[in-house]
1. Name the pairs: first residue in region B:256-277 and in contact (Cβ under 8 Å) with a residue 24 or more places away in the chain and under 22 Å from B:GLY75 (Cβ atoms), second residue acidic (Asp, Glu) and buried (at least 23 other Cβ atoms within 10 Å of the Cβ), Cβ to Cβ under 9 Å, at least 6 apart or on different chains?
2. If you take the residues of region A:58-69 that are at the interface with another protein chain (Cβ under 7 Å from one of its Cβ atoms) and not in a strand (DSSP E or B), which of them is surrounded by the fewest Cβ atoms within 10 Å (Cβ to Cβ)?
3. Name, by its number, the condition in (1) under 24 Å from B:PRO131 (Cβ atoms); (2) at pLDDT 95 or above that does not hold for B:ASP198.
4. Report those strands (runs of 3 or more DSSP E) wholly inside region B:21-115 carrying at least 3 residues which are within 14 Å of chain A (Cβ to nearest Cβ) and either under 28 Å from A:ASN85 (Cβ atoms) or hydroxyl-bearing (Ser, Thr, Tyr) (or both).
5. Whether any residue in region A:7-26 is touching a Pro at 6+ places or on another chain (Cβ under 9 Å), more than 18 Å from A:LEU182 (Cβ to Cβ) and at pLDDT below 95 is what I want to check.
6. Just to be sure I understand, how many residues within region A:170-187 are within 11 Å of chain B (Cβ to nearest Cβ), farther than 19 Å from A:SER139 by Cα and surrounded by fewer than 17 Cβ atoms within 10 Å (Cβ to Cβ)?
7. Among the residues of region B:181-201, are any touching an Asp or Glu at 6+ places or on another chain (Cβ under 9 Å), buried (at least 22 other Cβ atoms within 10 Å of the Cβ), in contact (Cβ under 8 Å) with a residue 40 or more places away in the chain and in a loop (DSSP other than H, G, I, E, B)?
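The values are calculated or read from the model by the stated rules, or taken from the named source; none is laboratory data. Everything quoted here is computed from the prediction, not taken from an experiment. Here the Cβ is made from the backbone with ideal geometry for all residues, glycine too, and neighbour counts use every protein chain on show.
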Amino acid sequence: MKMMIRKTLLLGILFLISGQLISQKYYTRDGKVVFESDAPIEHIVAENNKAICVWDTESGAIEMAILIKSFKFEKALMEEHFNENYMESEEFPKAKFKGLIRNMSSVHLGDDGAYTAEVEGELSMHGVTRTVVVDANISVENGKVQCIAIFEIAVDDYDIKIPSIVRDKIAETVKITVDLDLNILNK
Amino acid sequence: MTRFLFVFVLVFSSMIASGQDDLLSLIEDDEEEETLFTSALWKTTRVINLQSSENVAPGTLDFRISHRFGFVNQGAYEFFGLDNSTIRLGLELGLTDRLMVGFGRSSFQKTFDGFLKYKLLRQSSGKKTMPFSLSAFGSMTINTLKNEDPDIEVLFTSRLAYAFQLIFARKFSTGFTAQLSPTLIHRNLVETTDEKNDVFALGFGARHKIGKRLAINAEYIHVFPGQIADQYTNSISIGVDIETGGHVFQLHLTNSTAMIEKGFVAENTGEFFKGDIRFGFNISRVFTLWDHKGKQPK
C-alpha cells in the first residue's frame with residue numbers, strides 16, 4: 001500500500017514536471033516584416049509577409065527567420081537591386097533572429113492585456129551577426145497574441161555598402177517593423 | 001524505482017535540450033518550401049545586340065536609346081567612326097511576369113520593329129527546381145525605305161521580315177551567366193539569289209560580373225553557311241554593362257550596325273578581326289507605370 005502511494009506520488013510529480021517542461025510555444029508562418037528607408041529623395045518601403053517565428057513562453061526564447069527574396073517592393077528595379085546589390089540574397093538567403101525575452105515572468109500570454117517585452121538577441125543577415133535589444137509590444141486579446149516591435153538598424157553594421165551616387169536615395173539607417181500574430185503551437 | 005526515475009529524467013532533459021536548441025525546426029519541418037526564381041540573369045533585356053533572357057518587369061516601361069557608330073578604322077577624318085551613327089529608339093513594356101512587348105524605330109533601312117518576348121521557363125530553386133530559363137521571342141520589322149527605282153513595284157509584304165528565337169539561359173553563379181539563342185530570320189524579299197529567305201543561326205552570349213554594378217558581356221552569332229551572301233559576316237561583340245539606379249549603360253565594340261535581328265544576323269558587314277569595329281551603346285531608362293499591386297507609384 002505504501003509502495004502504491006509512493007508510485008502514484010512519483011508519477012504525479014513526473015506529470016507535473018513534464019507538463020512544465022513541455023512548455024507552451026507560440027508560432028507564426030506569416031509574420032509581417034516591413035523595411036522602410038527614408039532618404040531625402042526617395043522613400044522606399046518593402047513588405048514581407050512570410051516571416052516564421054517560434055516563441056517558447058517557458059524559457060522566453062524566441063526565434064525568427066525570413067527569406068530576403070520575399071520582400072516586395074513598389075518598383076521591380078528596387079527589388080532587384082535590393083537582392084542583387086545590397087542584400088546579395090543568393091549568397092545570404094535568410095535573415096535570422098535568435099533571442100530571449102528578458103522579462104518573461106511579467107508577460108502573461110494566458111491573460112488578456114498589454115505587455116512590454118524586453119527582447120535581446122542576435123540578428124544575422126548578409127553574413128553578419130549583431131546583438132539587437134528592442135522592446136516589443138505584446139497585446140493579448142481573447143487569447144490572440146499580437147507582437148509588434150519597431151527598431152532601426154544601420155546598414156553599415158551589416159556590411160551593406162551604399163555607393164555615394166545613391167546616398168540621397170537610400171537611408172543609412174532603416175526602420176524595421178515586425179508584426180506577428182502568434183498562435184499556440186500544438187506539438 | 002530509482003532507475004525508473006533516472007530514465008525519465010534523462011528523457012525529459014534530452015527533450016529540453018533539443019527543444020531549446022532550435023525552436024524554428026519545430027515548424028520548419030512541415031513548412032512548405034517555396035520556389036525561388038533566380039533573378040537578374042542579365043542586367044537588362046539585351047546582351048549586346050541579342051535579346052537576353054531578361055524581360056522588363058510588369059508595369060515597367062523601358063525607354064532605350066541605342067547607337068552604333070562607324071568603323072573605328074576609318075581613321076581621324078571620320079573621327080574614328082563617331083561622325084556616322086545608326087540609331088534605334090525603343091519603348092518596351094513588361095505586361096506580366098512572363099510577357100513583354102517592344103516597339104522600335106531604327107535608322108537602319110528606316111525600319112519599324114515590334115516584338116513579343118515570353119518566358120516559357122524560369123530558372124528556379126527550392127520547391128520546383130529549373131536549371132535554366134527559356135524564353136520565346138518573335139519580332140516583325142517593316143523596312144520603310146523609299147523605292148528609288150520606278151520600274152519596280154515594291155509590295156508592302158516585300159518590306160516585311162521576321163525573327164524567331166528561343167533563348168536558353170542559365171545563371172551559373174552570381175557572377176556568370178550564359179545563353180544560347182537558336183534563331184530563324186525570315187525575309188519576304190531578299191536582294192540577291194545568293195541570299196536565302198530563311199536564315200538559321202545560333203547566338204551565344206555570356207556575361208561576367210566584375211562588380212555589383214559592372215559586368216563584361218560578349219556575344220557571337222554564328223550563321224550556318226550557305227545562307228547569306230559572301231559580303232556578309234557573323235556578328236561579334238564585346239562590351240560592358242554599367243548600372244546606376246534606374247539606368248543601365250551598355251558600351252560596346254561590335255562589327256554590327258543594325259540593332260534588329262534581321263540586320264545583325266543576316267545582313268551584317270565588317271570583319272571584326274580585320275579592324276572593322278564600331279563603338280556603340282545602349283542606354284536603358286526605366287519608368288514604373290504600375291507596381292506589383294497594380295497601383296501607380298507616388
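1. As it stands, the answer is B:THR257/B:GLU267, since those pairs meet every condition given.
2. So the residue we want is A:SER59.
3. (1) is the only condition that B:ASP198 fails.
4. Per the criteria, B:35-37, B:60-71, B:85-94.
5. The initial filter retains those residues of region A:7-26 that are touching a Pro at 6+ places or on another chain (Cβ under 9 Å), namely none.
No, every residue in region A:7-26 fails to be touching a Pro at 6+ places or on another chain (Cβ under 9 Å), more than 18 Å from A:LEU182 (Cβ to Cβ) and at pLDDT below 95.
6. Step one: filter region A:170-187 for residues within 11 Å of chain B (Cβ to nearest Cβ), giving A:170, A:183, A:185-187.
After this cut, where a residue has to be farther than 19 Å from A:SER139 by Cα as well, the list is A:170, A:186-187.
Then drop every residue that is not surrounded by fewer than 17 Cβ atoms within 10 Å (Cβ to Cβ), which leaves A:186-187.
Residues flagged as within 11 Å of chain B (Cβ to nearest Cβ), farther than 19 Å from A:SER139 by Cα and surrounded by fewer than 17 Cβ atoms within 10 Å (Cβ to Cβ) within region A:170-187 amount to 2.
7. no
Here is a yes/no grid of residues against (1) hydroxyl-bearing (Ser, Thr, Tyr); (2) modelled with pLDDT under 95; (3) more than 18 Å from B:VAL265 (Cα to Cα):
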{"site": "B:GLU92", "(1), (2), (3)": "no, no, yes"}
{"site": "B:ARG98", "(1), (2), (3)": "no, no, yes"}
{"site": "B:SER135", "(1), (2), (3)": "yes, no, yes"}
{"site": "B:LEU145", "(1), (2), (3)": "no, yes, yes"}
{"site": "B:PRO150", "(1), (2), (3)": "no, yes, yes"}
{"site": "B:SER158", "(1), (2), (3)": "yes, yes, yes"}
